[in-house]
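K.L.:
Below you'll find the structure I mean.
Please treat every number below as a calculation from the coordinates, not as lab data. Computed from a predicted model, the values in this text were never measured in an experiment. Backbone-built Cβ (ideal geometry, glycine too); neighbour counts: all protein chains shown.
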Amino acid sequence: QSVLTQPPSVSGAPGQRVTISCTGSSSSIGADNDVHWYQQLPETPPKLLISGNTNRPSGVPDRFSGSKSGTSASLAITGLQAEDEADYYCQSFDSSLSGYVFGTGTKVTVL
Amino acid sequence: EVQLLQSGGGSVQPGGSLRLACVASGFTFSSNAMSWVRQAPGKGLEWVSSISGDSVDTKYADSVRGRFTISRDNSKNTLYLQMSSLRAEDTALYYCAKLRGMRAHNYYIDVWGKGTTVSVSS
C-alpha cells in the first residue's frame with residue numbers, strides 16, 4: 001500500500017548536502033496531510049526525524065530539515081556525516097485509502 | 001521512561017493464527033492512538049493497522065483487512081494484533097507504535113517498540 005515514492009538511494013561525501021524526495025498525490029500529501037520522516041539504522045527500529053513537515057524533535061541535529069510543497073515533500077541533510085548512513089522513510093495519510101502510508105524508503109550512503 | 005514491550009511473535013504455518021501483544025508504560029495509554037507497522041526481511045516499512053485511544057476508530061491496510069484485528073485493553077495498558085489466515089507474505093518484523101498529533105490525519109509515530117518476528121511457512 002506504498003503510495004509515497006522515494007528514490008531508492010542517494011549518496012554524498014562527508015560535509016555535502018543531500019536531499020530525499022517524497023512524491024505523493026492529491027489524496028495524500030496534496031490533501032493537506034502532514035509529512036513525517038524517520039531514520040532507520042541497521043537492525044534498529046525507526047526513529048522520528050521530522051514531524052509535521054518541518055518540525056525537529058528534541059535531540060535531532062539541525063542538519064536535518066524538512067519541507068513540503070504541493071504533492072511532494074523533501075528531507076535535506078546538510079553537512080553529511082558518516083553516522084547519517086541509514087534508511088530514511090517519509091510517512092503521511094492517504095484520504096482515499098483512509099490509512100497511513102510510508103514512502104518506499106531511501107538508503108543514504110556516505111562516500 | 002516511555003516503553004513499548006512486545007511479545008507474541010513466532011513461527012506458524014500458512015492459514016494459522018497468532019496474537020501479538022504490546023504493553024505500554026510511561027505515558028497515559030488510553031489517551032493515545034496506537035498502531036502496528038511491519039517490515040518484511042530486507043524491505044521497507046508497511047503500516048498495518050491503527051486504533052484510537054477509545055477503540056472507536058480502527059483502520060487497516062488493504063493487505064490485512066478482514067484477516068487481522070487490532071484491539072486494546074486500556075485497563076492493562078496493552079495493545080493487541082490478532083492475525084488470522086496468515087500467509088507467507090505476512091512474514092515480517094512487527095513493530096508496536098505510539099501515535100502522536102493534533103488530528104488523526106496528521107498522526108506520526110513518536111515511540112516504537114523493538115519489534116517481534118512473525119514467520120509464516122510450511
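K.L.:
Antiparallel versus total DSSP beta bridges in chain A: what percent is that, nearest 5?
P.N.:
85
K.L.:
Determine the shielding of peptide A:98-105 by partner chains: average, over its residues, the number of Cβ atoms on other chains within 10 angstrom of each Cβ.
P.N.:
6
K.L.:
What is the fewest-to-most order of B:VAL2, B:VAL23 by other Cβ atoms lying within 10 Å of their Cβ?
P.N.:
Details: B:VAL2 10, B:VAL23 17.
Least crowded to most crowded, the residues run B:VAL2, B:VAL23.
K.L.:
Using only Cα atoms, what is the ratio of the radius of gyration of the protein assembly as shown to 2.2 N^0.38 Å?
P.N.:
On the way: Rg = 17.3 Å, N = 233, 2.2 N^0.38 = 17.5 Å.
So the Cα radius of gyration is 0.99 times the expected 2.2 N^0.38 Å.
K.L.:
While we're on this one: Where both residues lie in chain B, what percent of DSSP beta bridges are antiparallel, nearest 5?
P.N.:
95
K.L.:
Cut-off is 10 Å between beta-carbons; in what order do B:HIS105, A:HIS36 appear when sorted fewest neighbours first?
P.N.:
Placing the least packed residue first, the sequence is B:HIS105, A:HIS36.
K.L.:
Fewest to most neighbouring Cβ within 10 Å: what's the order for A:LYS107, B:LYS98, B:LYS59?
P.N.:
Final ranking by Cβ density, sparse to dense: A:LYS107, B:LYS59, B:LYS98.
K.L.:
Shifting gears a bit: Report, to two decimal places, the Cα Rg of chain A normalised by 2.2 N^0.38 Å (N = number of residues).
P.N.:
Details: Rg = 13.2 Å, N = 111, 2.2 N^0.38 = 13.2 Å.
Dividing the Cα Rg of chain A by 2.2 N^0.38 Å gives 1.00.
K.L.:
If you plug each phi of the range B:19-27 into the Karplus form 6.51 cos²θ - 1.76 cosθ + 1.60 with θ = phi - 60°, what whole-Hz ³J(HN,Hα) values come out, in order, with x for Gly and Pro?
P.N.:
Computed from phi, the couplings for the range B:19-27 are 10, 9, 10, 9, 9, 9, 8, x, 8 Hz.
K.L.:
Report, as an integer, the average count of C-beta atoms from other chains found within 10 Å of each Cβ along B:93-102.
P.N.:
Working: counts 2, 0, 2, 1, 3, 0, 1, 4, 5, 2.
For this peptide, the per-residue mean of nearby foreign Cβ atoms is 2.
K.L.:
Take every Cα pair under 8 Å in chain B that's 6+ residues apart, average their separations, divide by the length, and report that relative contact order as a whole percent.
P.N.:
Values: 291 pairs, mean separation 41.4, N = 122.
Relative contact order, chain B: 34 percent.
K.L.:
Peptide A:84-95: average number of partner chain Cβ atoms within 10 Å per residue?
P.N.:
2
K.L.:
Find the all-direction average of the projected area of the Cα convex hull for the range B:1-99, expressing the result in square nanometres with one decimal place.
P.N.:
6.2
K.L.:
5 Å is the cut-off here: which amide hydrogens, built 1.01 Å from N in the peptide plane, fall below it relative to A:VAL3, excluding neighbours closer than 5 in sequence?
P.N.:
A:PHE102
K.L.:
If the cut-off is 23 Å between C-alpha atoms, which lysines fall inside it for B:LYS59, apart from same-chain ones fewer than 8 positions away?
P.N.:
B:LYS59 reaches A:LYS47, B:LYS43, B:LYS76, B:LYS98, B:LYS114.
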